[in-house]
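Notes follow the structure.
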Amino acid sequence: MKKLIKLVVCTFLIINMGLLNIYALDDVKKDEAFTRAQVKEDIDFMMKTLESVHPNLYFAVLEEQVEKEINKELGDIKDFATGLEVYKKFSPIINKFQDGHTGMAFPEDYITNLKNSDKLLFLDIEVKAGKIYIKDSYRKEYEKYNGWTIESINEKDASTIYEEIIKYISGSQIGFKESRIESNFVLYYYLDNELMDNYTIKVKNEEKEGIMKIKGISLEEGRKLRGEEEQQREDYVYKKIDDNTGLITFNSFSDFEKFDKFLDETFKEINEEKISNIIVDLRENGGGNSRLGDLLIEYIYDGKYTQANRMDMKISDEIIKYYDHLAKENNASEEEIQEMKDQYMGSVGECITFSAEPSRHFLDKAKFQGDVYFLIGKRTFSSAVMLSSTVKDYNMGYLIGEETGGLATHYGDLYRFTLPNTSLNMVVSHKYFVRPNGLDTKRGVLPDYDIKDLGERDALDIALKIIENKTGE
């Protein structure tokens, strides 16, 4: 039974909502329209499941408001609606729950249409405080416009485009939502805009104005234009910066065994090289298996710790079935599984609280005694936020960058389900995690050194400058 309790308590916050919105759905019925009755059946099933599984679904919005908006959208369906139309109607309503681990995925046929199109608007953007900026157009004649504000695309105001897109993104932090626009602009843009052969983009920089005329291209052409390598981004990689400093770029909490080996080899090298400062870059880390966070902590911190002061889990029929399946996958005995089910069956509809005592799980003592600097930002989410809050609350190191995209105390751990008719995929949180210090400030993890206070300098440069000043070199 102890093994099953560990299985339940262990968090697998694998998603960030950008990934949720682009993963492929195997069973979506392509180009099929659904009757209003079928859509209503799906939405009724969706709401029943969300309410059953989520610990506190209406923490950010009134139930009456959600019900009113759902009824309006259902009423606006005259005869039929496609899967994409269902997504466009109801995804914005779900996102009013403001839970970055609860939402609806794009229909696969929508993604497939974009992948097969040769009319894509391909450029990199930055989004800050509701404004969209050109980061890189990848066209030499328009290099001078990098950093300029987009005023309009094909005569539609950029402010309108921003408002169209932001409603499709789940989460509570505006910085996180804007980072999703940056990462998946093409996916979001075409929800409310047509594929075109050519695009006219008006840009502005103070009093100067300019016009970019860009031809639509295919995804493959875009990748070539950007010069992307075929090789996928590494989940974690180590690089020695100088004689005193090493950099661990930690992009995903994936594959515990692989990470265990990576840390063993990395810290052997760090200690052999007598490295005294480590920088851990979490700025692009969207989460995953939080046990990887435990492992990293124990390499750099000597004391006992916990990544969550407490965890509340909502018990439902769906979650009992989910853990029954998970227990079988982990080779639990029939007796253990039945004991777990008997324990939870009496608590359906309630939350069970697990309080965590500080402890260590993997190493008796730390393998590094130097200083550690963690880089965080608006893309830092889920398990990466749990690690950041633990570093903050136990003073394990220095945090540099921006407020994290995910809340320090938050809902998470995904339960996945599929709507019966449209086959749209959904995820919903079934746990509530309270940061180690026990507080809920309704904020992300705040850095010790905020780039906003330091002239928007790069967080890595700030870390290196702190180290330089400390060592006097």
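Which ones in region 142-152 are touching a helix residue (DSSP H, G or I) at 6+ places or on another chain (Cβ under 8 Å) and either surrounded by fewer than 22 Cβ atoms within 10 Å (Cβ to Cβ) or among the polar types (S, T, N, Q) (or both)?
Taking region 142-152 first, the residues touching a helix residue (DSSP H, G or I) at 6+ places or on another chain (Cβ under 8 Å) are 149-152.
Scanning region 142-152 gives Thr149, Glu151, Ser152.
Restricting attention to region 364-395, which residues are β-branched (Val, Ile, Thr) and closer than 17 Å to Thr249 by Cβ?
Applying the first criterion (β-branched (Val, Ile, Thr)) to region 364-395 yields 372, 376, 380, 385, 390-391.
Across region 364-395, the qualifying residues are Val372, Ile376, Thr380, Val391.
Which fully enclosed helices (runs of 4 or more DSSP H) of region 42-130 have 2 or more residues being within 24 Å of the chain's Cα centre (by Cα) and hydrophobic (A, V, I, L, M, F, W, C)?
On the way: elements: 63-75, 83-94, 108-115.
Where helices (runs of 4 or more DSSP H) fall fully within region 42-130 and carry at least 2 residues being within 24 Å of the chain's Cα centre (by Cα) and hydrophobic (A, V, I, L, M, F, W, C), they are 83-94, 108-115.
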Residues within region 336-362 that are in contact with a strand residue (DSSP E or B) (Cβ under 6 Å, 6 or more places away or on another chain) and of a type in the set (Val, Ile, Thr), tallied: 2
Which numbered condition Leu191 fails, given (1) assigned to a loop (DSSP other than H, G, I, E, B); (2) over 29 Å from Gly377 (Cβ atoms): (2)
Does Asp413 satisfy being under 19 Å from the mean Cα position of the chain (by Cα), within 29 Å of Asp294 (Cα to Cα) and among the acidic types (Asp, Glu)? yes
Checking Gly222 against (1) in a loop (DSSP other than H, G, I, E, B); (2) in contact (Cβ under 8 Å) with a residue 40 or more places away in the chain, the condition it does not meet: (1)
Might you let me know whether region 449-461 holds any residue that is in contact with an Asp or Glu (Cβ under 7 Å, 6 or more places away or on another chain), surrounded by 20 or more Cβ atoms within 10 Å (Cβ to Cβ) and in contact (Cβ under 8 Å) with a residue 60 or more places away in the chain? no
Meets criteria (in a strand (DSSP E or B), assigned by TED's automatic domain parsing to the domain that holds Leu50 and either closer than 30 Å to Phe34 by Cα or not aliphatic (A, V, I, L, M) (or both)) for Tyr415: yes
Hey, Thr422 in contact with a strand residue (DSSP E or B) (Cβ under 8 Å, 6 or more places away or on another chain), touching a residue at least 24 places away in the same chain (Cβ under 8 Å), buried (at least 22 other Cβ atoms within 10 Å of the Cβ) and in a loop (DSSP other than H, G, I, E, B) or not: yes
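Got a number for residues in region 196-219 being of a type in the set (Asp, Glu) and in a strand (DSSP E or B)?
The total comes to 1.
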Do we find a residue being polar (S, T, N, Q) and buried (at least 16 other Cβ atoms within 10 Å of the Cβ) anywhere in region 100-109? yes
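The values are calculated or read from the model by the stated rules, or taken from the named source; none is laboratory data. Only a predicted model underlies this, so the values are computations on that prediction, with no experimental measurement involved. In this analysis, Cβ positions are derived from the backbone assuming ideal geometry, glycine residues included, and neighbour counts consider all displayed protein chains.
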